[in-house]
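Asks: Structure incoming, see below.
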Amino acid sequence: MVIRVKVKNSSYNVIIEKGVINCLNEHISSNGKTLVLTDSGVPQIYAKSVADNFACPFIYVLPQGEQSKNVNNYQAILSFMLENGFTRKDRLIAVGGGVVGDLGGFVASTYMRGIDFYNVPTTFLAQVDSSIGGKVAIDFGGVKNSVGAFYQPKGVFIDTVTLETLPDRILYSGLVESIKMAATSDAKLFEYIENCASVRENLEHIIYNSLLIKKDVVEKDEKEHDLRRVLNFGHTIGHAVESYFNGKLYHGECVGIGMLCMSSDTVKERIYKLLTKFGLPTEVQAEPRALLDIAMHDKKSIGDLVVGVYVDKIGDFTLTNLDVNEISRIVERFL
Ligand SMILES: NC(=O)c1ccc[n+]([C@@H]2O[C@H](COP(=O)([O-])OP(=O)(O)OC[C@H]3O[C@@H](n4cnc5c(N)ncnc54)[C@H](O)[C@@H]3O)[C@@H](O)[C@H]2O)c1
């Protein structure tokens with residue numbers, strides 16, 4: 001399956017194919033130098049299989065985890081590339097989840113004013129969400145994704161076989177991003193996930209249809225001026241919950257809670273059932289005042305207002321500017 005993403009100054013293919021990591025040289029020139037960036041939690045066989053496609057590969061392994069998306073690693077990878085004589089004609093391929101993709105993309109966007117970047121996402125979240133759209137970043141000054149760029153990949157290669165080694169908790173946490181996109185934009189996909197007996201046996205259908213939603217949004221609003229905010233459904237409160245629990249809950253788990261806060265009663269009931277079905281949390285014990293403070297510092301805020309996405313009916317959404325009182329009511333009603 002191939003999805004073509006068309007944005008202003010670049011277009012690229014997202015190829016969804018079992019085993020594609022073993023034949024990347026059918027899609028990318030094997031000449032020149034290739035940096036394969038991965039992390040210590042990604043089974044090393046994936047980076048090795050990718051590297052084997054190229055004439056002159058280098059594998060760079062980061063420690064796993066969000067804390068790797070930092071300026072020290074950014075600088076270390078740039079130094080490694082300089083020391084090994086990478087030029088503007090060479091390329092970087094990220095093999096891993098959103099952490100490796102975001103950091104790798106940011107390195108590629110700035111090394112020699114930009115080199116070719118390819119993404120081989122190996123988590124569900126990265127396959128349905130972070131690998132397309134061109135948002136690349138590192139965390140800086142204690143703020144997530146505070147330094148980054150919009151830099152589109154030259155190609156994205158999704159091999160669902162890589163998800164076989166992904167633990168269920170990480171898989172289902174990533175699935176929340178598909179539930180999120182379906183809730184706002186595709187009632188049929190939402191029903192499909194509701195009726196799906198096994199996600200692992202239906203990965204390609206869910207990934208393909210989630211990517212169609214993301215592609216549509218990215219093509220209409222590449223730089224997140226307006227429509228792209230729909231992808232933040234569940235994120236206003238979700239980010240606050242994520243910061244509050246400081247790494248104890250996964251991103252998708254927090255977004256799930258955030259979606260419950262921003263839905264009508266009927267939608268809430270359906271999302272609640274889905275979260276329960278996949279063993280995802282549906283409530284948290286937190287101090288409302290602290291959550292509110294964090295939510296009001298959300299970087300998507302405009303002055304004293306935070307842009308929220310509200311779902312009244314599955315498959316549809318509205319954007320709403322929330323002030324401190326409204327967020328406070330939402331948080332207090334929920335906790
Ligand atoms: N750029 C975007 O548009 C965008 C969108 C959403 C999220 N993000 C970013 O994505 C990041 C989260 O991504 P994530 O959830 O993929 O986390 P992650 O990259 O940290 O991966 C989660 C864990 O899974 C391991 N892993 C990866 N692939 C594996 C596999 N196939 N088998 C076994 N283990 C594997 C990793 O080593 C890691 O420990 C955050 O930094 C977030 O800010 C970016």
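The values are calculated or read from the model by the stated rules, or taken from the named source; none is laboratory data. Since the structure is predicted, the reported quantities are computational estimates derived from the model, not experimental observations. Cβ: placed from backbone, ideal geometry, glycine included. Neighbour counts: every protein chain shown. What goes into the accessible areas is simple: the full protein's heavy atoms, side chains included, and nothing from ligands, DNA or RNA. Shrake-Rupley method; radii C 1.70, N 1.55, O 1.52, S 1.80 Å.
Asks: Scan (1) buried (at least 20 other Cβ atoms within 10 Å of the Cβ); (2) more than 11 Å from the ligand (Cβ to nearest atom) for the single condition Leu103 breaks and write down its number.
Replies: Looking at each condition in turn, Leu103 falls short on (2).
Asks: I would also like to ask the following. Run down Leu175, Leu189 and say which single residue is without any contact (Cβ under 8 Å) to a residue 40 or more places away in the chain, open to solvent by less than 10 Å² (accessible area, probe 1.4 Å) and part of a helix (DSSP H, G or I). Break it down stepwise before answering.
Replies: Working: Leu175 fails: without any contact (Cβ under 8 Å) to a residue 40 or more places away in the chain.
It is Leu189.
Asks: Please work out which one of (1) at pLDDT 95 or above; (2) open to solvent by less than 50 Å² (accessible area, probe 1.4 Å) is the condition Ser30 fails and give its number.
Replies: Failed condition: (1).
Asks: Moving on. With the condition kept exactly as written, say whether any residue in the stretch 6-24 is assigned by TED's automatic domain parsing to the domain that holds Asp90, open to solvent by 50 Å² or more (accessible area, probe 1.4 Å), of a type in the set (Asp, Glu) and in a loop (DSSP other than H, G, I, E, B).
Replies: Taking every residue of the stretch 6-24 in turn, at least one turns out to be assigned by TED's automatic domain parsing to the domain that holds Asp90, open to solvent by 50 Å² or more (accessible area, probe 1.4 Å), of a type in the set (Asp, Glu) and in a loop (DSSP other than H, G, I, E, B).
Asks: Can I ask one more? Report, by residue number, each residue of the stretch 120-143 that is out of contact with any Phe, Trp or Tyr (no Cβ under 7 Å at 6 or more places or on another chain), open to solvent by 10 Å² or more (accessible area, probe 1.4 Å) and touching a residue at least 12 places away in the same chain (Cβ under 8 Å). Break it down stepwise before answering.
Replies: Quick first cut of the stretch 120-143, residues out of contact with any Phe, Trp or Tyr (no Cβ under 7 Å at 6 or more places or on another chain) only: 121, 123-133, 139-143.
Applying the additional criterion that residues be open to solvent by 10 Å² or more (accessible area, probe 1.4 Å) yields 123, 125, 129-130, 139-143.
The answer is Thr123, Leu125, Asp129, Ser130, Asp139, Phe140, Val143.
Asks: Provide a single number: the residues in the stretch 145-163 that are surrounded by fewer than 18 Cβ atoms within 10 Å (Cβ to Cβ), more than 8 Å from the ligand (Cβ to nearest atom) and polar (S, T, N, Q).
Replies: The qualifying residues number 1.
Asks: With the structure loaded, tell me whether Asn53 is assigned to a loop (DSSP other than H, G, I, E, B) and either away from the ligand (no atom under 15 Å from the Cβ) or closer than 24 Å to Val128 by Cβ (or both) or whether it fails that test.
Replies: Details: assigned to a loop (DSSP other than H, G, I, E, B): yes; either away from the ligand (no atom under 15 Å from the Cβ) or closer than 24 Å to Val128 by Cβ (or both): yes.
For Asn53, the condition - assigned to a loop (DSSP other than H, G, I, E, B) and either away from the ligand (no atom under 15 Å from the Cβ) or closer than 24 Å to Val128 by Cβ (or both) - is met.
Asks: Could you tell me whether any residue of the stretch 181-191 is under 20 Å from Val99 (Cβ atoms) and within 12 Å of the ligand (Cβ to nearest atom)? Reasoning before the result, please.
Replies: Applying the first criterion (under 20 Å from Val99 (Cβ atoms)) to the stretch 181-191 yields none.
No, every residue in the stretch 181-191 fails to be under 20 Å from Val99 (Cβ atoms) and within 12 Å of the ligand (Cβ to nearest atom).
Asks: Also, I was wondering about something else. So, in the stretch 261-277, exactly how many residues are open to solvent by less than 10 Å² (accessible area, probe 1.4 Å) and modelled with pLDDT of 95 or more?
Replies: 4
Asks: Next question, about the same structure. For the stretch 113-144, give me each residue that is of a type in the set (Gly, Ala, Ser) and more than 10 Å from the ligand (Cβ to nearest atom). Before you say what the answer is, go through the steps one by one.
Replies: First pass over the stretch 113-144, keeping only residues of a type in the set (Gly, Ala, Ser): 114, 126, 130-131, 133-134, 137, 141-142.
Within the stretch 113-144, Gly114, Gly141, Gly142 qualify.
Asks: A further question on this structure: Considering each residue of the stretch 80-136, count those that are assigned to a loop (DSSP other than H, G, I, E, B), among the hydrophobic types (A, V, I, L, M, F, W, C) and under 30 Å from Glu253 (Cβ atoms), and give that number.
Replies: If we filter the stretch 80-136 for residues that are assigned to a loop (DSSP other than H, G, I, E, B), which is where we start, we get 84-90, 97, 114-115, 122-123, 131-134.
Now restrict to residues that are among the hydrophobic types (A, V, I, L, M, F, W, C): 86, 115, 132.
Going one step further and asking which of them are under 30 Å from Glu253 (Cβ atoms), we end up with 132.
Number of matching residues: 1.
Asks: Next question. Please list, ordered by first then second residue, the pairs with beta carbon atoms under 6 Å, 6 or more apart or interchain, first in the stretch 234-257 and surrounded by fewer than 22 Cβ atoms within 10 Å (Cβ to Cβ), second assigned to a loop (DSSP other than H, G, I, E, B).
Replies: From the stretch 234-257, the pairs are Tyr244/Ala286.
Asks: Can you tell me which condition Ile59 does not meet? The list is (1) among the β-branched types (Val, Ile, Thr); (2) open to solvent by less than 30 Å² (accessible area, probe 1.4 Å); (3) more than 30 Å from Glu219 (Cα to Cα), and all the others hold.
Replies: Single failed check for Ile59: (2).
Asks: If you go through the stretch 42-91, how many residues are of a type outside the set (S, T, N, Q) and in contact (Cβ under 8 Å) with a residue 40 or more places away in the chain? Let's see the steps before the verdict.
Replies: Taking the stretch 42-91 and keeping what is of a type outside the set (S, T, N, Q), we get 42-43, 45-48, 50-52, 54-63, 65-66, 69, 71, 74, 76-78, 80-83, 85-86, 88-91.
This time we only want the ones that are in contact (Cβ under 8 Å) with a residue 40 or more places away in the chain, so: 42-43, 46-47, 50, 62, 66, 69, 71, 74, 77, 80-81, 85-86, 89-91.
Residues flagged as of a type outside the set (S, T, N, Q) and in contact (Cβ under 8 Å) with a residue 40 or more places away in the chain within the stretch 42-91 amount to 18.
Asks: Of all residues in the stretch 215-260, which are touching a Pro at 6+ places or on another chain (Cβ under 8 Å) and in a helix (DSSP H, G or I)? Working first, answer last.
Replies: Taking the stretch 215-260 first, the residues touching a Pro at 6+ places or on another chain (Cβ under 8 Å) are 249, 253, 256-257.
Within the stretch 215-260, Glu253, Gly256, Ile257 qualify.
Asks: What is the one condition in (1) acidic (Asp, Glu); (2) within 16 Å of the ligand (Cβ to nearest atom); (3) within 29 Å of Gly19 (Cβ to Cβ) that Glu66 does not satisfy?
Replies: (3)
Asks: Leu166 - would you say it is buried (at least 17 other Cβ atoms within 10 Å of the Cβ), at negative phi, of a type in the set (A, V, I, L, M, F, W, C) and within 8 Å of the ligand (Cβ to nearest atom)?
Replies: yes
Asks: A follow-up question, please. Quick one: Asp298 ticks every box in (1) crowded, with 23+ Cβ neighbours inside 10 Å; (2) at pLDDT below 85 except a single one, so which number is it?
Replies: (1)
Asks: Right, another one. Tell me yes or no: at least one residue of the stretch 198-209 is within 14 Å of the ligand (Cβ to nearest atom) and open to solvent by 50 Å² or more (accessible area, probe 1.4 Å).
Replies: Going through the stretch 198-209, the residues within 14 Å of the ligand (Cβ to nearest atom) turn out to be 200, 203, 207.
From the residues that got through so far, the ones that are open to solvent by 50 Å² or more (accessible area, probe 1.4 Å) too are 200.
Among the residues of the stretch 198-209, at least one is within 14 Å of the ligand (Cβ to nearest atom) and open to solvent by 50 Å² or more (accessible area, probe 1.4 Å), which makes the answer yes.
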